[in-house]
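Shown next, in structure tokens, is the structure this report addresses.
Bear in mind these aren't lab numbers, they're just calculated from the coordinates by the rules spelled out. The structure displayed is predicted, hence computed values, not measured ones. Here Cβ is always computed from backbone atoms with ideal geometry, including for glycine, and neighbour counts include all displayed protein chains.
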Amino acid sequence: MHVIPPLFYSVKKAPVDALEPVPLLMLLHGHGGNERSMDALADKVPGDWKIVSLRAPTEISPGRFKWYTVDRSSRPLQINLAEEASCRQAILNTVNLFCKDPSTDLQRVVLAGFSQGAIMALCCGLTSPRQVTACAVFSGRFLQEIRPYVHPAANNLRVLLAHGQADPILPVRYAQENRAALQELGITADYVEDDSGHTLSSLQQAYFIQWLSHL
């Protein structure tokens, strides 16, 4: 049996001398990014969170990584499902690595991702809501292919959807479709749109920090 190892990661923040278990935030970069791509967001998160940034397993070119392959010539978009499934398990194995630490608050385990990383974060949350309690989805979309694997307890998942109305890579309709798909699963997502493109805008970051404080 093939065992999928945890991913390479970088710890961005780790509270010291905490008297109680601390919440865990894992960051998942987009296609072509790396574990440093979401540092600007990590810097804005309060110091009582443990923050870990993951690196996708497949290197495209030096310092640039991807979670899975996408056929952009197809409509609808087609992804390599085997790569997605392998990455999803690797992410969850990394989550488990940190959840074994008694200093981690298991009631607040959050995945936040951008673009391809956002898609992976949501896939992990929907299929494993007992490991992941909340997801922030920046410029992502809902993968219909994972619908058969959605866990019955997924309606307990907390989700934030954030998207730019001028996104040329994943148009904002993907966020609106995502919102509707989650509603069908019994999840009422927090939702924010702004006039940005395919980026993690300042407004979205501020909304995320506020959302995080209520988990």
Just the ratio, please: alpha-carbon radius of gyration of region 112-215 over 2.2 N^0.38 Å, N its number of residues.
-> 0.97
In a Gaussian network model over the chain where Cα atoms closer than 10 Å are linked, find which of Ser53, Ser115, Ser103 has the largest mean-square fluctuation.
-> Ser103
A correct Karplus calculation of ³J(HN,Hα) over region 23-38, with 6.51 cos²θ - 1.76 cosθ + 1.60, θ = phi - 60°, whole Hz and x for Gly and Pro, returns x, 10, 10, 10, 9, 10, 6, x, 4, x, x, 8, 5, 9, 5, 10
How many nm separate the modelled label positions at Glu145 and Leu19, each set 7 Å beyond the Cα in the direction of the Cβ?
-> 4.9
Assertion target for Ile4, Ile91, Ile60, ordered by fewest C-beta neighbours within 10 angstrom first, is Ile60, Ile4, Ile91
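Enumerate the helices in the chain for which the Kyte-Doolittle hydropathy averages 0.0 or more and the C-alpha atoms extend at least 15 Å along the helix's axis, using complete DSSP H runs.
81-99, 116-127, 202-213
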First obtain the Kirkwood hydrodynamic radius of region 1-117 from its Cα pairs, then insert it into the Stokes-Einstein equation at 37 °C and 0.692 mPa s, and state the resulting D in µm² per second as a whole number.
-> 218
Quote to one decimal, in nm, the extra length available between Val3 and Asn96 on full extension: 0.36 nm per residue of separation minus the C-alpha distance between them.
-> 32.1 nm
Would you mind checking region 1-34 for residues with the amide N under 12 Å from a putative spin-label position 7 Å along Cα→C-beta of Asp48?
-> 18-23
Please give the calculated 222 nm ellipticity per residue for the chain, where each DSSP H segment of at least 4 residues contributes -39500 (n - 2.57) and the sum is spread over every residue; nearest 500 deg cm²/dmol?
-> -9000 deg cm²/dmol
Under 14 Å by backbone N from the virtual spin label 7 Å along Cα-to-Cβ at His214, the residues of region 174-192 are 188-192
Once Thr58 and Glu193 are pulled to full extension, the length gained, defined as 0.36 nm per residue separation minus their Cα-Cα distance, is 45.6 nm
Could you list log10 I(q)/I(0) for region 9-213 at q = 0.08, 0.10, 0.12 Å⁻¹, which the Debye formula gives when each Cα is one point scatterer?
-> -0.24, -0.37, -0.55
Candidates Leu106, Leu28, Leu54, ranked by Gaussian network fluctuation over the chain, Cα under 10 Å, top entry | Leu106
